[in-house]
Structure formats: C-alpha cells, structure tokens
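The values are calculated or read from the model by the stated rules, or taken from the named source; none is laboratory data. On a predicted model such as this, the values are computed, not experimentally measured, just so you know. FYI the Cβ positions are ideal-geometry reconstructions off the backbone, even for glycines, and counts take in every protein chain you see.
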Amino acid sequence: MILGIIIACEIGFWVAILCGLAARYILGSRRLSAALLLCAPLIDVVLLVTVALHLSTGATASWHHGLAALYIGFSITYGHRMITWADTRFAHRFADGPAPVKLSGAQYTQRCWGDFLRTVGSAVIAAGILAVITWWIDDPGRTGALTGWNGILGIIVAAEFIWALSYTIWPRRPFPSIPRSLPTP
C-alpha cells in the first residue's frame, strides 16, 4: 500500500510541476501556475500523513516506510532545484528563453558540492523522520525495518561525497560547441 502511495506521490509531484509550467508558458496564467506548483510540497505532506496514519493503526514498518522518509527528505532539499530545472527547459521550449547551460570545470564541481550538501540535508531529514516515527510508535518489533535505513542513508551520502570529490580532482571538461546549422558545401 505504502509503495503504491509513494509512486502516486512521485507521479503527482511531476504532474503538478508539468501542469504548473504548462499553465505559465502555454496558457499564460501565472496565478494558475503558482497554485499548481504549490501542490508539489503538499504532496509531501500527504505522504507523511499517510505513513503516520498507516503506522498508527498498528501496521508493522517495512522498507517502504523508510523509502517514504527518504523521498520526503529528497523532495524537500532538491524540490526547488528540480522545479527550476524543469522551468528552464519549459521557458526555452515555449517562451524563447535561454538554452539550459551545461556546466563544466569549477562551476560543475561547485554544483557537485552543493548537491553533496543537499544530500546530507535530505539524509538528515529522512533520519529525523525515521527517528520521530520510531519514537512515536515506541515498539521496536514494529519499527525494526526503519533503523536499517540509517546505513543506507550513510551509503547515499558517501556516494555523493565520492562523486563531488572525483569532480574536484578531475574537473568536467567543457563541452564542444555545436554549430546551430551545418555549413553548406
């Protein structure tokens, strides 16, 4: 049940973003766009409440509940950036906005370290959610699956650290510029 709700929330998150951006750039309605984009964080609240209600009814926690906590942490820390990413592409496609910039060198390395900090933040949020749920349920037999997520969160943070460190040591090379039109012979 919880896995299905997580999947529905992920789909709902992207539907809210895409509909919000379509309302802004295709329909030209900023007010409708803002309302739809505000639905994205509300979806996280729905997921959190659903997990809490499910466990409060006596359900035993599974890996799905830990995944929900990870999803919420990730959505909180990366949500704005994902919306900005999609907004840039929508603006370019439908409103003659500038093309998305592919970062390289020090700029890409800086973004990698920013991602590392976001990942640490998402892991801390997820661990906090798991700790609060474990404390609230107060039954180690029902919440044992949640404590295993702390190691997974550590692995995720370590992988993101290695990723950022690798681009610090070996910066991304600039992309070759591609001409907009091919020369005629």
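Is it the case that segment 84-93 has a residue that's more than 18 Å from the chain's Cα centre (by Cα) and in a loop (DSSP other than H, G, I, E, B)?
We begin by selecting, within segment 84-93, every residue more than 18 Å from the chain's Cα centre (by Cα); these are 90-93.
Within this subset, residues satisfying the condition of being in a loop (DSSP other than H, G, I, E, B) are none.
No, there is no match, as no residue in segment 84-93 is more than 18 Å from the chain's Cα centre (by Cα) and in a loop (DSSP other than H, G, I, E, B).
Can Trp63 be described as within 17 Å of Trp149 (Cβ to Cβ) and surrounded by fewer than 16 Cβ atoms within 10 Å (Cβ to Cβ)?
Working: within 17 Å of Trp149 (Cβ to Cβ): yes; surrounded by fewer than 16 Cβ atoms within 10 Å (Cβ to Cβ): yes.
Yes.
Against the definition (surrounded by fewer than 18 Cβ atoms within 10 Å (Cβ to Cβ), aliphatic (A, V, I, L, M), at pLDDT 90 or above and touching a helix residue (DSSP H, G or I) at 6+ places or on another chain (Cβ under 9 Å)), how does Ala35 come out, yes or no?
Values: surrounded by fewer than 18 Cβ atoms within 10 Å (Cβ to Cβ): yes; aliphatic (A, V, I, L, M): yes; at pLDDT 90 or above: yes; touching a helix residue (DSSP H, G or I) at 6+ places or on another chain (Cβ under 9 Å): yes.
Yes: the conditions hold for Ala35.
Evaluate the following for Arg31: is it under 30 Å from Trp163 (Cβ atoms) and without any contact (Cβ under 8 Å) to a residue 60 or more places away in the chain? Reasoning before the result, please.
Numbers: under 30 Å from Trp163 (Cβ atoms): no; without any contact (Cβ under 8 Å) to a residue 60 or more places away in the chain: yes.
Spelling it out, it is not the case that Arg31 is under 30 Å from Trp163 (Cβ atoms) and without any contact (Cβ under 8 Å) to a residue 60 or more places away in the chain.
Report every pair of residues separated by at least 6 positions or lying on different chains whose Cβ atoms are under 9 Å apart, first residue within segment 99-124 and more than 27 Å from Leu153 (Cβ to Cβ), second of a type in the set (Phe, Trp, Tyr) and in a helix (DSSP H, G or I).
The qualifying pairs are Pro100/Trp85; Lys102/Tyr108.
I need the full set of residues from segment 6-34 which are over 30 Å from His64 (Cβ atoms), assigned to a helix (DSSP H, G or I) and not hydrophobic (A, V, I, L, M, F, W, C), in order please.
Within segment 6-34, Arg24, Tyr25, Arg30, Arg31, Ser33 qualify.
How many residues does segment 34-56 contain that are over 17 Å from the mean Cα position of the chain (by Cα) and closer than 18 Å to Ala131 by Cα?
Step one: of segment 34-56, the residues over 17 Å from the mean Cα position of the chain (by Cα) are 34-36, 49-56.
Checking which are closer than 18 Å to Ala131 by Cα leaves us with 49-56.
Going through segment 34-56 one residue at a time, the tally reaches 8.
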